[in-house]
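The values are calculated or read from the model by the stated rules, or taken from the named source; none is laboratory data. Computed from a predicted model, the values in this text were never measured in an experiment. Every residue, glycine among them, receives a Cβ derived from its backbone with ideal geometry; neighbour counts consider all protein chains shown.
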Amino acid sequence: MPDHDLLAELEAEIGIMMRRVRRVLAERAQAVDPELPSLGYSILLYLAYAGPQRASQIVDTFGTDKGAVSRQVQLLQELGFVTRKPDSRDRRAALLELSSSAAERLNRVGSERREVLAERLGDWKPGELENFVSLLHRYNSSLDAGASGA
C-alpha cells in the first residue's frame, strides 16, 4: 500500500500538471483559431484521435452535459472544423468528423508544442522520458480500472 504522504505529494503534482494543462489547452485553442474555446479544442483532439464520433459519445467521454457539447459542435461547424455525416449503423444518428482544415491546424499546433517540449525536456537523461510516459500510462490505466473518485 502506498505511503499517504507520498500520495498527497502525487495529488499536489497532479494538481500543478492540471493547471498547466488547462493553460496550455487555452493557448493551443487560440493558436488554432482565436474563437476556439478549450473545450472545442479538446473535442477536435478527441476526434483526431478516435475518428468520427456521435455527439453522445463525446458527452460520455468528456463527462459534460449535452448542451455544452451541442454548443461546441455548433461553433466547430461554423468554423469549418467538423462536419456531420450519417451514421451507417443508425441513419437517425450523425457522426461528427474532423475536417481537413482542422486536422492541418492541429498538426501545426501540435508540432510547435512538441518543439517547445523537446527544448524544455532537453536535459532529461536517455530513457527518463520513456519511463515517465510508461509510468503515466500505467497511472491512467490504474485509475481507469477503478474509475471512481481518483
Residues (in contact with a helix residue (DSSP H, G or I) (Cβ under 8 Å, 6 or more places away or on another chain) and modelled with pLDDT under 95) located in the stretch 71-92:
Arg84
Might you check whether a residue that is loosely packed, with under 12 Cβ neighbours inside 10 Å, out of contact with any helix residue (DSSP H, G or I) (no Cβ under 7 Å at 6 or more places or on another chain) and closer than 19 Å to Ala29 by Cβ occurs anywhere in the stretch 48-55?
yes
Take Ile43 and tell me if it is of a type in the set (Val, Ile, Thr), farther than 30 Å from Arg89 by Cα and surrounded by 10 or more Cβ atoms within 10 Å (Cβ to Cβ).
no
Members of the stretch 95-112 that are in contact with a Phe, Trp or Tyr (Cβ under 8 Å, 6 or more places away or on another chain) and either surrounded by fewer than 17 Cβ atoms within 10 Å (Cβ to Cβ) or assigned to a loop (DSSP other than H, G, I, E, B) (or both):
Ser99, Ser101
